[in-house]
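K.L.:
Right, I'll just put the structure down here and ask away after.
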Amino acid sequence: MSAFRNATATATVAPAPAPVAACAAAADGAACAGPLPVLGRDVTVPLVTGGEVTYAALDYAASAPALQRVWDDVAAYAPYYGSVHRGAGYLSQLSTDLFEQSRAAVAAFLDCRPSDQVVFTRSTTDSLNLLAAALPADCRVFVFETEHHASLLPWDGAQVTYLDAPRTPDEAVATLERALAGRDPHGAALVCVTGASNVTGELWPVKELAAAAHAHGARIVLDAAQLAPHHPVSVRDLDVDWVALSGHKLYAPFGSGVLAGRADWLQQAKPYLAGGGASRTVARREDGGVDVEWHTTAARHEAGSPNVIGVHALASACRALTEAGFDRLVARERELIAQVRAGLSGIPQVRILSLFGDDAPRVGVISFVVEGWNSSHFAAALSAEYGIGVRDGLFCAHPLVRTLLGSAPQEPGACGAPEAAPGESSLNAIRVSFGAGTPDEHVERFVRAVRELVTEGAQLQYRTEEGRCVPAV
């Protein structure tokens, strides 16, 4: 809080000096010995079998818990909250300065080019819809069927080519090159690709895909929603034109997102939202209409009062991950990934889903099916009997999961009944995901729970209630 109380008259706010984690301060490059502190790490939940247990949050791919450091930064700022870009008062100036400092922090986190713009949005979905609205006329879009719906669906107004799921990184590049080779090289084109799959966790060859796109006169946008929380993302090194990400997957609370990259298409497009903040000047005409001069900066697409607390939280998360050191975070996560994959691979009834194979580099996202089990039933048992939170279904990536499962769209079976006969593909999958805040014990408990459920079965009966699988008691 002192950082805000001691702010100068020019409203310069220093980043909070709170430590990220005890293991992050080592100057000798030693590996981080444990998880970063996150909210909810001490929350206990009841078990239907009796007693309580510390909740194991293993659904990071949906929303990661907020870092304690981020929450502390938000709490320190909250009493000084003011309207951004709107007032002459001290708190408004302070908030405006903090808002723009946050923009600079995100640009540094993503290693943006000097000419790039950082536009604050609500989420990755919002960012990609913003870019879709800014596409030039007759722009062609190329997107793999393996994308999350946030990057698969926004391009409805363009000429879209959906590319089949590749089975190797090299095949992904070759598939894109073949698709681009048949287009008019003088027309606008955009390639959209994920950095890390939200289903398999596998890393995509972004740099090679960017090179292929540029060689054929196309631009590329990177969906980094799953990549940025686990690995450093450099716009410059990857040579992507835009990157989109979400705060809630990056250990920040509240609804904030980012679209960062080239300014030209954004400057030429109509404002994403028309309103205050996006307009530079507005004047009535003699014929009764209105003339508007829109901003050419990021403000052009940030109409309305911005989510300054969410933006501050996102920037705090960027600083926290940078200070913790991605080398340490990646090294520890690789150990957790290896532990989970080894544990699941040792259970014959479990099949891990993968596009690129067992040796492909990946982040802490693993999806699997269990022979003879309904995925909803299995996930419900993990929660009710072990205090473990995972996700089941198609993960907003329906074409990809169905390709991996080898199944056509069907209604899932009733809770507690197998979705398919033993040996056949399940209609849905189970996803476990983890990251910088995951304790070792949560991973160990998960592997043990999967083995016990497969070998011994659930201890309770389950039923479907309002579309959810719940214990029958």
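Quick note: the coordinates plus some simple rules give every number you see, no bench work behind them. All values derive from a computational prediction rather than experimental measurement. Cβ coordinates were reconstructed from backbone atoms using ideal geometry, including for glycine residues, and neighbour counts include every protein chain displayed.
K.L.:
I'd like to compare 307-313, 126-132: which one has the highest average count of other Cβ atoms within 10 Å, and what's the full order after that? Can you show the working numbers first?
P.N.:
Details: 307-313: 23.3, 126-132: 24.9.
Averaged packing, sorted descending, gives the order 126-132, 307-313.
K.L.:
Treat every Asp and Glu Cβ in region 78-323 as -1 and every Lys and Arg Cβ as +1, leave all other atoms uncharged, and give the resulting dipole magnitude about the Cα centre to the nearest 20 debye. Provide the component values of the computation, followed by the final result.
P.N.:
Values: 19 positive and 27 negative charges, 112 e Å.
It comes to approximately 540 debye.
K.L.:
Once you place label points 7 Å from the Cα toward the Cβ at residue 47 and residue 459, how far apart are they in nm?
P.N.:
Label at residue 47, label at residue 459, 0.5 nm between them.
K.L.:
Then there is this: Got a sec? Charge dipole of the chain, +1 on Cβ for Lys and Arg, -1 for Asp and Glu; which of 139, 279, 374 is way out at the positive end?
P.N.:
279
K.L.:
Of 258, 353, 163, which is farthest towards the positive pole of the chain's charge dipole, taken about the Cα centre with +1 and -1 on the beta-carbons of Lys, Arg and Asp, Glu respectively?
P.N.:
Going by the charge dipole, the pick is 258.
K.L.:
Follow-up. Going highest first, how would you order 261-273, 456-468 by mean Cβ packing within 10 Å?
P.N.:
Working: 261-273: 17.5, 456-468: 12.9.
Highest mean packing first, the order is 261-273, 456-468.
K.L.:
Could you work out the relative contact order of region 268-353? I mean the mean sequence separation of Cα pairs under 8 Å and 6+ apart, divided by the number of residues, in percent. Please list the in-between numbers first.
P.N.:
On the way: 57 pairs, mean separation 17.9, N = 86.
Worked out over region 268-353, it gives 21 percent.
K.L.:
Against the globular-protein guess of 2.2 N^0.38 Å, express the Cα radius of gyration of the chain as a ratio, rounded to two decimals.
P.N.:
On the way: Rg = 23.6 Å, N = 473, 2.2 N^0.38 = 22.8 Å.
The value comes to 1.03.
K.L.:
Beyond 27 Å, how much of the Cα-Cα pair distribution for region 39-191 remains, as a whole percent?
P.N.:
Values: 6051 of 11628 pairs.
More than 27 Å apart: 52 percent of the Cα pairs in region 39-191.
K.L.:
Roughly how far apart, in whole Å, are the Cα centres of region 125-144 and region 270-339?
P.N.:
17
K.L.:
For the chain, what does -39500 (n - 2.57) per DSSP helix run (n ≥ 4), summed and divided by total residues, give at 222 nm, in deg cm²/dmol to the nearest 500? Spell out each step's value before the answer.
P.N.:
Numbers: 14 runs with 154 residues, N = 473.
-10000 deg cm²/dmol, from helical runs alone.
K.L.:
Let's see if you can work this out: charge +1 on each Lys and Arg Cβ, -1 on each Asp and Glu Cβ, no other charges. What is the dipole magnitude of the chain about its Cα centre, in debye to the nearest 20?
P.N.:
Working: 36 positive and 51 negative charges, 154 e Å.
Here the size comes out at about 740 debye.
K.L.:
Using only the alpha carbons of region 239-374, what is the convex hull's orientation-averaged projected area in square nanometres?
P.N.:
Working: hull surface 54.7 nm².
Convex hull of Cα atoms, orientation-averaged projection: 13.7 nm².
K.L.:
Could you give the length gained on full extension between residue 451 and residue 286, defined as 0.36 nm per residue of separation minus the Cα-Cα distance, in nm? Intermediate values should be presented prior to the final figure.
P.N.:
Numbers: separation 165, 0.36 × 165 = 59.40 nm, distance 7.62 nm.
Between residue 451 and residue 286, full extension yields 51.8 nm more.
K.L.:
Which one of 437, 185, 288 has its Cα pushed farthest toward the positive end of the charge dipole of the chain, where Lys and Arg give +1 and Asp and Glu give -1 at the Cβ?
P.N.:
288
K.L.:
Using alpha carbons only, how many degrees (0 to 90, rounded to 10) separate the axis of helix 326-345 from the longest principal axis of the chain?
P.N.:
Here the helix axis deviates by roughly 30 degrees.
K.L.:
Can you work out the FRET efficiency for the pair residue 75 and residue 171, with r the C-beta to C-beta distance and R0 = 56 Å, to the nearest 0.05?
P.N.:
Working: r = 48 Å, r/R0 = 0.86.
Efficiency, from the Cβ-Cβ distance: 0.70.
K.L.:
Based on the mean of other beta carbon atoms within 10 Å per residue, what is the order of 283-293, 237-247, 337-347, most packed first? Walk me through the numbers on the way to the answer.
P.N.:
On the way: 283-293: 8.4, 237-247: 25.0, 337-347: 15.9.
Ranked from most to least packed, the peptides come out as 237-247, 337-347, 283-293.
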